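Beneath this line is the structure, given in structure tokens, with notes to follow.
The values are calculated or read from the model by the stated rules, or taken from the named source; none is laboratory data. What you see is a predicted model; the values in this text were computed from it and never measured. Glycine gets a Cβ as well: all are built from the backbone with ideal geometry, and neighbour counts include every protein chain shown. These accessible areas exclude ligands, DNA and RNA; they are computed on the full protein's heavy atoms, side chains included. Shrake-Rupley method; radii C 1.70, N 1.55, O 1.52, S 1.80 Å.
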Amino acid sequence: MYFSEQHAVVVSTPTGFRGTVPHGLSLEIGDTVQILEKCDGEFTRGVCFFFCFYINCFIFQGIFPSNYIHLKNACVKNKGQFEMVIPTEDSVITEMTSTLRDWGTMWKQLYVRNEGDLFHRLWHIMNEILDLRRQVLVGHLTHDRMKDVKRHITARLDWVPASSHHLFVQMKSLMCSNLGEELEVIFSLFDSKENRPISERFFLRLNRNGLPKCPEKPERHCSLFVVSSSYSQSLSCWILKIEVELNSGEKKNACNVQYRRPFGCAVLSIADLLAGDSKDDLILKVYMCNTESDWYQIHENIIKKLNARYNLTGSNAGLAVSLQLLHGDIEQIRREYTSRFTHGVSITRKLGFSNIIMPGEMRNDLYITVERGEFEKGGKSVARNVEVTMHVVDSSGQILKDFISFGSGEPPASEYHSFVLYHNNGPRWAELLKLPIPVDKFRGAHIRCEFRHCSTKEKGEKKLFGFSFMPLMQENGRTLPDGTHELIVHKCEENTNLQDSGRYLKLPFSKGIFLGNNSQAVKTTKESFWITSFLCSTKLTQNGDMLDLLKWRTHPDKIAGCLSKLKEIDGSEIVKFLQDTLDTLFGILDENSQKYGSKVFDCLVHIINLLQDSKFHHFKPVMDTYIESHFAGALAYRDLIKVLKWHIDRVTEVELHEHIQEVLKAQEYIFKYIVQSRRLFSIATGGQNEEEFRCCIQELLMSVRFFLSQESRGASALSQLQAVFLSSFPSVYSELLKLFDVREVANLVHDALGSLPTVMHGDESLQAVKLQSIGKTVESHLYTNPDSRYILLPVVLHHLHMHLQEQKDLIMCARILSNIFCLIKKNSSEKSVLEEIDVIVNSLLDILLRTILEITSRPQSSGSAMRLQFQDVTGEFVSCLLSLLRQMTDRHYQQLLDSFNTKEDLRDFLLQIFTVFRILIRPEMFPKDWTVMRLVIWDSYFFLAVIFINQLCLQLEMFTPSKKKKDTQFPFNFMFIFILGEHKLHFIPALIGPFLEVTLIPQPDLRNVMIPIFHDMMDWEQRRSGNFKQVEAKLIDKLDSLMSEGKGDETYRELFNSIIPLFGPYPSLLKKIERETWRESGVSLIATVTRLMERLLDYRDCMKMGEVDGKKIGCTVSLLNFYKTELNKEEMYIRYIHKLYDLHLKAQNFTEAAYTLLLYDELLEWSDRPLREFLTYPMQTEWQRKECLHLTIIQNFDRGKCWENGIILCRKIAEQYESYYDYRNLSKMRMMEASLYDKIMDQQRLEPEFFRVGFYGKKFPFFLRNKEFVCRGHDYERLEAFQQRMLNEFPHAIAMQHANQPDETIFQAEAQYLQIYAVTPIPENQEVLQRDGIPNNIKSFYKVNHIWRFRYDRPFHKGTKDKENEFKSLWVERTTLILVQSLPGISRWFEVEKREVVEMSPLENAIEVLENKNQQLRTLISQCQTRQMQNINPLTMCLNGVIDAAVNGGVARYQEAFFVKEYILNHPEDGEKITRLRELMLEQAQILEFGLAVHEKVVPQDMRPLHKKLVDQFFVMKSSLGIQVGVNYFVFHYSYNSPLSYPAVNRYSSSSLSSQASAEVSNITGQSESSDEVFNMQVQITVILQTEQNLSYEVIY
């Protein structure tokens, strides 16, 4: 079969071909070929081949599979060797195709360079162009819509992906052999294609050594330029030297007059940087022009390589610069290159405006280019050396300071001096200056240029010989027009006074332009001066019509004309003053809406449609920002609604169609203005006239419904209007939602879309737009709400049904259906979904089945249009059908079956749906090499079999014996092991879960059938990977899932142990496994799985209980630790962290909940790594999730009164906020931290008690069995209450009544024994507790937190017990328990890891008792003194207990036991301990004395007798001890924010509590009522031992 002049394009590349067969062509997607012949020979095995030329290379000829090539119509030009094949398609399509290919390559390069932002931006643009290309190819667009799409395509194709570049320039030095003078260096970007500078200038000064003058200011020698990927751009650098003489050959003048003189120029192409991205230092060659008169264009000569006009400088100078090309916009660069901006860098802007001018952006820059001059010799024999000096002068004649900018990097100056060209009467400078003059100073200002001759002989003087000037604004308010201006050079003398500007402003300033009626003749002169001006202003305009419109209040009679001329003003001028223009329009509307309402509306429509133009498309955000933040027309909505309705009511008037079409295009923004105006009115009036507004909207939409309901035959003007309206109508929904309830808006939209005619034989383009509008409705925010979705769904399905019935626009129909079902799947948990499924089943199921049958049974035409129509649409419809069937519940299926009236109807439906399924799985539907698809079918079979076996009606234990005999087993093992062969690898590990579920059926035979499959999976996985990690991971995950669902029985625990003895009932497998090399690792896996099973079953049993108790929490902790330490399954570990967290919250264990969540927090880093959606966490970055965890943990620590831990986390997250300069959140976090400090000082915390619990006996769960724990009790919980709680949790347990360690008999008993007793915490942070001056509110935290060690004391007597004084033989056995984790933690109890037992002698015991009692007294006295104690009863009881015990022999017993001569002589090693005991006894007496003084001042009247009794007993106690203690005068020094202690006091020997001491205590307690100071008593005692019997003491406070 031969073809003539047929061309094609490669649309895909076969994986098995790729040019490897003889004569095969290796082609890529998009390559063009010319077809020579088509062959269907046997050697191709049924695949058609084309014999073709590979046109792209012109030389290759060969074969290529025909089913990978798409025929295209084309024409050939220049036939022969250099022929060109041009597709006969729309030129826009061709350009899009070419651009997408180029961008595809660039897109991949962006990915390789890790330029994320630009990569995603380009991806979105390419997708947008692809979508637009599809719309053009389908051909269903209206003529006007096609024009709009093509304009939009053109704008998108003009978008340059790589244009977002910035060039970082750092000036290093100028390397030159003989400088000796200061220099100026000027950088600028120059576009050789446009032959003009495209950036402002970067200006810097160098010293005599060629180095930057201000190295400490980086912004003076570093700058950032905005560059594009244009290859015509270059970086130009001009170097000027500052001389003190003009002619270097003449003698140097002894003067300080300086001149700017040309030195050299360097140029670098931006294309070189784009290719290299160099960061290294570069040395740019510096050139000098052969004649100074060419200096103004030396950079152009270098770029054009006109070597005859320039050469290297005589000193071979080189410019050392550092250049780096940075990709991205300025904000991205600020984030990624923070150091650049930290050290300082100047920004060199593009010349003129940026692409987008946002509201509020203020700019008023006038660019002046000093071009050239023509001057006379002035009586000189040679030409002049001319220097131009420029000033900016205001209306009063004063020179404006600092309004002349030479470039970025240099502060603005008050005057400008041009460089000087030697002996040149026609000098050309071409120097660009920027005059950033404020608007308020612009009016009346002018620039004045003074011309001076720089003499080389007369002491280097500069003599004034003329001047020029130019006003910046005309009298009518228009600014100086852009362009080149030839100014008159007015001659003057050196001594001419130019300060009085009024004298020369009356003179003409430009040739051909005169001021006012000034008839003063201008003398004919050859001298002229040229400058070029360019205004870049957001507040000043050069357009007279725009100026008249903006100043409408000054000329009210011109308003109508100004509004009419607005459409004639250039669009760029309108968008530049967009905010002012809109303010003007709405100001006119407020002033006289009746007269100008229609004209203002037309102008607004014109501006809105102007922004639809691709040239101004970027200004839409400006309009949006204006509406949200600047629009103030609270009454405008009335006129806008009125005029809009007027236009819609006249859609049948042919002469208005064009104008109405423009109005309908602008409806989105018209509604935005209506809605915002109404919102402003409601805010101002408190919601007045609400009903009137609703009526207006209802009437407007009634007009819309009537307009849409009009039928038209074929293409007509009316159908075009309807298409234009429908294309933008969905964008109005979001605006209406701002004012109306979602159901109201849904009803309005339903009525509007429901009014569309149902005929399908009309304009095809209108039908396509109608369906697109339905699609946008489904994709809108309105449709996502369940309430509105239920209202809109019927009308959406109605239009879909019509299109599917006619088999039209199937691609769009499939897209709409996909969106509908995606939304249903996303919200499948909502109840409304079931009702929606009802509606969809009734409306679409039948037509959907018929559509799939029609598509699959229709022969595929080779025509491009037909292939495009059905391309990929089958898969879309099939997926929609499957999604619908999955979402249908049993009730839906039952309703569907009941809806058929006869069995014949039901049979026909079932046959239809089975036919669809049969078509989808028939073998010829899939190519032979689609092995994966066939494996998917097998996979589906296995899953279906598992579901079938597990259904309730087939469970064997529910059958009768006779029925059990008839049961047949599925031959799983036969099919899996033998039929699948090596393909079984594709089912590992996917089928592990379903097979494991089968083993849950409590039938030994079925379980034995499944065991070999697990072995076979392990074996094949071992062969493939060298291990069976996948099998292990899937096995563990599925086991956890099944156990969590409450499945499995007690015998299931031993299921996998049967694998270890190698499948007893299968001798053939036994023989096989004995030869396996992986036996050891397999046994290890099964052992691990068995241990996991034990924990999971215990966990399941615990979870069956109702209330949260310690057993549930302990079981969860055990399982959590198992996943972390033994299995290293992080995801499961995290899941159980949150399960434990929920248990703690339910039990109100807030501190433990915080510690639990901290485990997950420690797994995260402060990074921007994206995290997927997990548990209750949304998709977010790792930083955001860690922040969320921190805040939750702090909240729980706060609720658990563990504020110190919360403070630590506050500091950590505050550091992160500070590093990101998030001062708002930093402030909140600091305030939260401060509040926690306040709570520490102000709120009372209870110190919990701790209990040691031993669980003995084999009846306890394995995680408790024969282990001992320390438990943190609840608030107010004492030993008896705790013991009762434990017995309630373990009702079968027996409480042991002793604290001795149990023997082996108890350990192995088939019972439960509980051993409980209280233990004392041993704080780790002793430094805080022992430091004086720290408030007890703070110390109390460290007493009971972060505790690893606990002790329990058991007193016993060693030797003979002295009945008179038992202290002599009273020893203490101290047991220290060390935990695996500190309390509090993730649980209220932790296992004891280690025990330490020591014995304390009677003397050591006595010392410890006294130390503890003294500390208790100090604490109580301090609390009472500082008013922290609301009730003094604790102090009273403590004083009474100590004094009464001492009187009755308490402390005296220690004297009798340890201070006697016999004990001292028999225990010489206890000398220091005896001394310490004496010190403590003395200290206690003094503490008691001071405590009684404090007690006297606060004791209530009814307790005075008790106080007197305590004082009397205290005197008796002192007498019995033979102690003399005196307290006279105390001096206390208070200081804020510092710990306090007792000050030193003089020594006294008084033996009574003096009145002076009592009065002083009164002073102290009185002061403390209004202060936060805490009084802490500190006593230093010096004990002098004189004899064993007679002791005297010297007490120092």
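Filter region 133-176 down to the residues that are modelled with pLDDT of 75 or more, over 18 Å from Met96 (Cα atoms) and either assigned to a helix (DSSP H, G or I) or open to solvent by less than 60 Å² (accessible area, probe 1.4 Å) (or both) and list them by number.
His165, His166, Leu167, Phe168, Val169, Gln170, Met171, Ser173, Leu174, Cys176
Give all pairs with beta carbons closer than 6 Å in which a residue from region 103-115 that is over 18 Å from Glu128 (Cα atoms) and open to solvent by less than 70 Å² (accessible area, probe 1.4 Å) meets a residue that is in a helix (DSSP H, G or I) and at pLDDT below 75; count only pairs at least 6 apart in sequence or on separate chains.
If the second residue must be in a helix (DSSP H, G or I) and at pLDDT below 75, the pairs left are Leu110/Leu118.
Does region 1386-1402 contain at least one residue that is under 27 Å from Pro1335 (Cβ atoms), charged (D, E, K, R) and open to solvent by 10 Å² or more (accessible area, probe 1.4 Å)? Spell out the reasoning first.
So in region 1386-1402, the residues under 27 Å from Pro1335 (Cβ atoms) come out as none.
No, that holds for no residue.
Results for (1) at pLDDT 85 or above; (2) crowded, with 17+ Cβ neighbours inside 10 Å; (3) in contact with a helix residue (DSSP H, G or I) (Cβ under 9 Å, 6 or more places away or on another chain), shown as yes or no for each residue.
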| position | (1), (2), (3) |
| --- | --- |
| His490 | yes, yes, yes |
| Ser501 | no, yes, no |
| Gly512 | no, no, no |
| Thr525 | no, no, no |
| Ile531 | yes, yes, no |
| Leu535 | yes, yes, no |
| Asn543 | no, yes, yes |
| Leu549 | no, yes, yes |
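Just checking, which of Glu1165, Glu1126 is part of a loop (DSSP other than H, G, I, E, B) and open to solvent by 10 Å² or more (accessible area, probe 1.4 Å)?
Glu1165
Residue by residue, here is whether (1) over 35 Å from the mean Cα position of the chain (by Cα); (2) at pLDDT below 80; (3) surrounded by 17 or more Cβ atoms within 10 Å (Cβ to Cβ) holds:
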{"position": "Ile820", "(1), (2), (3)": "no, no, yes"}
{"position": "Ile852", "(1), (2), (3)": "yes, no, yes"}
{"position": "Ser857", "(1), (2), (3)": "yes, yes, no"}
{"position": "Asp872", "(1), (2), (3)": "yes, yes, no"}
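The conditions are (1) touching a residue at least 24 places away in the same chain (Cβ under 8 Å); (2) charged (D, E, K, R); (3) within 29 Å of Cys1202 (Cβ to Cβ); (4) surrounded by 12 or more Cβ atoms within 10 Å (Cβ to Cβ), and Arg1230 fails exactly one of them. Which is it?
(1)
Any chance you could count how many residues in region 1384-1411 are touching a strand residue (DSSP E or B) at 6+ places or on another chain (Cβ under 8 Å), at pLDDT below 90 and among the aliphatic types (A, V, I, L, M)?
3
Name the one entry in Leu179, Leu204, Leu183 that is over 29 Å from Ser533 (Cα atoms) and crowded, with 17+ Cβ neighbours inside 10 Å.
Details: Leu204 fails: over 29 Å from Ser533 (Cα atoms); Leu183 fails: over 29 Å from Ser533 (Cα atoms).
On inspection, the qualifying residue turns out to be Leu179.
Of the residues that sit in region 825-836 and are surrounded by fewer than 20 Cβ atoms within 10 Å (Cβ to Cβ) and assigned to a helix (DSSP H, G or I), which one is modelled with the lowest pLDDT?
So, considering only residues that are surrounded by fewer than 20 Cβ atoms within 10 Å (Cβ to Cβ) and assigned to a helix (DSSP H, G or I), the one modelled with the lowest pLDDT is Lys826.
I'd like the full set of residues that are of a type in the set (A, V, I, L, M, F, W, C) and at pLDDT 90 or above, limited to region 1241-1265.
Phe1250, Phe1251, Val1253, Phe1255
Can you name every residue in region 1155-1185 that is over 16 Å from the mean Cα position of the chain (by Cα) and within 24 Å of Leu1383 (Cα to Cα)?
Tyr1155, Thr1156, Leu1157, Leu1158, Leu1159, Tyr1160, Asp1161, Glu1162, Leu1163 - these are the residues of region 1155-1185 that are over 16 Å from the mean Cα position of the chain (by Cα) and within 24 Å of Leu1383 (Cα to Cα).
Could you list, in sequence order, the residues of region 1182-1197 that are of a type in the set (A, V, I, L, M, F, W, C) and touching a helix residue (DSSP H, G or I) at 6+ places or on another chain (Cβ under 6 Å)?
Across region 1182-1197, the qualifying residues are Leu1189, Ile1193, Ile1194, Phe1197.
Examine region 1148-1159 for a residue that is open to solvent by 10 Å² or more (accessible area, probe 1.4 Å) and among the charged types (D, E, K, R), and state whether such a residue exists.
No, the conditions are met nowhere in region 1148-1159.
State which residue is farthest from Ile239 (Cα to Cα) when the search covers only region 207-219 and only residues that are within 45 Å of the chain's Cα centre (by Cα) and open to solvent by less than 50 Å² (accessible area, probe 1.4 Å).
Pro218
Determine which single condition Gly352 fails, assuming it passes every other condition in (1) open to solvent by less than 50 Å² (accessible area, probe 1.4 Å); (2) modelled with pLDDT of 85 or more; (3) under 26 Å from Ser236 (Cα atoms).
(2)
Conditions (1) in contact with a Lys or Arg (Cβ under 7 Å, 6 or more places away or on another chain); (2) open to solvent by less than 10 Å² (accessible area, probe 1.4 Å); (3) part of a helix (DSSP H, G or I), marked per residue:
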position	(1), (2), (3)
Asp624	no, no, yes
Ile627	yes, yes, yes
Leu640	no, yes, yes
Val643	no, no, yes
Val651	no, yes, no
Glu655	no, no, yes
Gln661	no, no, yes
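Is it fair to say Thr1426 is of a type in the set (Ser, Thr, Tyr), over 22 Å from Asp1362 (Cα atoms) and surrounded by fewer than 20 Cβ atoms within 10 Å (Cβ to Cβ)? Working first, answer last.
Numbers: of a type in the set (Ser, Thr, Tyr): yes; over 22 Å from Asp1362 (Cα atoms): yes; surrounded by fewer than 20 Cβ atoms within 10 Å (Cβ to Cβ): no.
Against the criterion (of a type in the set (Ser, Thr, Tyr), over 22 Å from Asp1362 (Cα atoms) and surrounded by fewer than 20 Cβ atoms within 10 Å (Cβ to Cβ)), Thr1426 does not qualify.
Among Lys1212, Lys1201, Lys1186, Lys1228, which is of a type in the set (Lys, Arg) and not in a helix (DSSP H, G or I)? Working first, answer last.
Values: Lys1212 fails: not in a helix (DSSP H, G or I); Lys1186 fails: not in a helix (DSSP H, G or I); Lys1228 fails: not in a helix (DSSP H, G or I).
Lys1201 is the lone residue from the list that is of a type in the set (Lys, Arg) and not in a helix (DSSP H, G or I).
Hey, which of the helices (runs of 4 or more DSSP H) in region 665-772, taking only ones fully inside, have at least 3 residues that are among the hydroxyl-bearing types (Ser, Thr, Tyr) and surrounded by 16 or more Cβ atoms within 10 Å (Cβ to Cβ)?
Details: elements: 667-685, 690-709, 717-728, 733-736, 742-754.
It comes to 667-685, 717-728.
List pairs: first in region 295-308 and free of Cβ contacts under 8 Å to residues at least 40 places away in the same chain, second part of a loop (DSSP other than H, G, I, E, B), Cβ under 9 Å, 6+ apart or cross-chain?
Ala308/Asn290
Would you mind listing the strands (runs of 3 or more DSSP E) fully within region 391-473 where at least 1 residues are surrounded by fewer than 21 Cβ atoms within 10 Å (Cβ to Cβ) and among the hydrophobic types (A, V, I, L, M, F, W, C)?
Ranges flagged: 428-435, 446-454, 462-471.
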